[in-house]
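A short worksheet on the structure shown next.
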Amino acid sequence: MAASVRELRAKIKSTTSMKKITRAMELIAASRIIKAQQHAAAAAPYARELTRAVSAVATFSNVDHPLTTEKENPTKAAVLVISSDRGLAGAYSSSVLKEAERLVEKLHSEGKDVDLYLAGRKAEAYYNFRQREFIQSWTGFSDKPEYDNAREIGATLVRTFHVDEDDEDKVDADRVVDELHIVFTRFKSMLVQEPDVIRLLPLEVVEGTEAPPEGEVLPLYEFEPSASEVLDALLPKYVQSRIYYCLLQAAASELAARQKAMKSATDNADDLIQKYTRIANQARQAGITQEISEIVGGANALADATAGSE
């Protein structure tokens with residue numbers, strides 16, 4: 001019984017230590033969510049004005065740009081999957097990976113080949129473990145993305161979508177795709193984060209926080225030197241800003257999911273500590289009761305033996 005009490009006390013001690021860790025991770029995630037939301041709010045004005053400019057140029061010019069032209073029979077698509085670099089975030093990564101699998105199956109059913117591009121170590125580990133091919137991955141910034149990360153990803157994907165003959169870093173012809181999709185987790189609130197899919201190319205101006213308000217009149221632009229060159233300059237920046245927006249949404253979602261998971265782990269640790277403490281107290285009380293019973297029994301036996309000898 002004493003050994004059992006020692007084991008329970010060791011469990012209580014280890015669970016208490018784990019509770020301190022999960023509580024600290026919960027507080028860290030809560031503080032970083034605020035920063036992620038502030039970064040998203042700071043990036044919103046630039047993204048909004050860039051969206052308005054791209055919308056105006058695409059609306060008031062008759063240029064058939066490769067990034068805005070819908071292919072008649074698309075045969076290949078690229079999918080960017082945005083996951084996390086670290087675990088301990090509940091079902092965050094598994095949810096976005098399931099959504100990516102559904103998108104890939106849908107594209108295959110439409111007769112399209114799929115090239116996968118990954119952001120986050122969890123997505124990289126998922127496809128490596130299953131020995132499934134992906135083209136490129138980016139890691140190390142899932143919970144704190146910078147615009148440079150979005151610029152690097154966007155430049156790679158734009159080159160993949162359209163091969164520029166004058167580009168020294170142009171991709172192979174078999175890597176050229178007709179569509180570009182992004183799978184990420186949209187942050188709705190501290191309690192709700194939903195995996196989402198957007199088709200980024202050919203260009204679709206996605207309605208959202210960056211879109212111009214309904215009924216707003218788009219400004220008229222004079223294109224200098226030409227509308228085509230303006231689109232050449234604006235569209236890659238637009239793609240990068242959209243990817244940056246998705247990265248920020250995913251970062252806030254990851255931190256919210258981690259805070260929720262760590263709070264649940266802390267609550268479970270409290271329940272385990274209470275359970276182990278109750279069992280330890282019962283075991284200790286049972287041991288004391290048994291010792292008292294043995295003492296009383298021994299005293300009675302001694303009294304009986306003494307009375308018989310008299």
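Observations on the structure shown:
- Charge dipole of segment 23-162 (Cα centre as origin; +1 on each Lys and Arg Cβ, -1 on each Asp and Glu Cβ, all else neutral): 460 debye, rounded to the nearest 20.
- This ranking places 130, 242, 151, 102 by how few other beta-carbon atoms lie within 10 Å of each, fewest first, which gives 130, 102, 151, 242.
- In summary, the lysines within cross-link reach of residue 11, defined as a Cα separation below 25 angstrom excluding same-chain residues under 8 places away, comprise 19, 20, 260, 263, 275.
- For residue 138, distant residues with modelled amide H under 5 Å away: 118, 119, 120
- Cα gyration tensor, segment 231-279 - rounded (a/c under 1.5), prolate or oblate: prolate
- FRET efficiency for the residue 141 to residue 44 pair, using the beta carbon distance and R₀ = 22 Å, is estimated at 0.65.
- Whether segment 1-139 is rounded, prolate or oblate, judged on the alpha carbon gyration tensor where a/c under 1.5 counts as rounded: oblate
- Legend: ranking of residues 273, 295, 82 from fewest to most surrounding C-beta atoms inside 10 Å; resulting order 295, 273, 82.
- Couplings 3J(HN,Hα) for segment 90-105, derived from phi with the Karplus relation 6.51 cos²θ - 1.76 cosθ + 1.60 (θ = phi - 60°), are x, 9, 4, 5, 5, 5, 6, 5, 5, 5, 5, 5, 5, 5, 4, 4 Hz, where x marks Gly and Pro.
- Long-range HN-HN contacts of residue 203 with modeled amide H, under 5 Å: 68, 69
- In this structure the amide hydrogen of residue 88, modeled in the peptide plane, comes within under 5 Å of no amide hydrogen from residues 5 or more places off or on another chain.
- Across segment 270-281, rounded Karplus estimates of 3J(HN,Hα) from the backbone phi angles (6.51 cos²θ - 1.76 cosθ + 1.60, θ = phi - 60°) give 4, 4, 5, 4, 4, 5, 5, 5, 5, 5, 5, 5 Hz, Gly and Pro being marked x.
- Extension gain, residue 191 to residue 9, is 62.0 nm, computed as 0.36 nm per intervening residue step minus the present C-alpha separation.
- Residues 224, 254, 110 in ascending order of nearby Cβ atoms (within 10 Å, fewest first): 224, 110, 254.
All of the numbers you see were taken from the coordinates with simple rules; none came from a lab. None of the values given here were measured: they were computed from a predicted structure. Backbone-built Cβ (ideal geometry, glycine too); neighbour counts: all protein chains shown.
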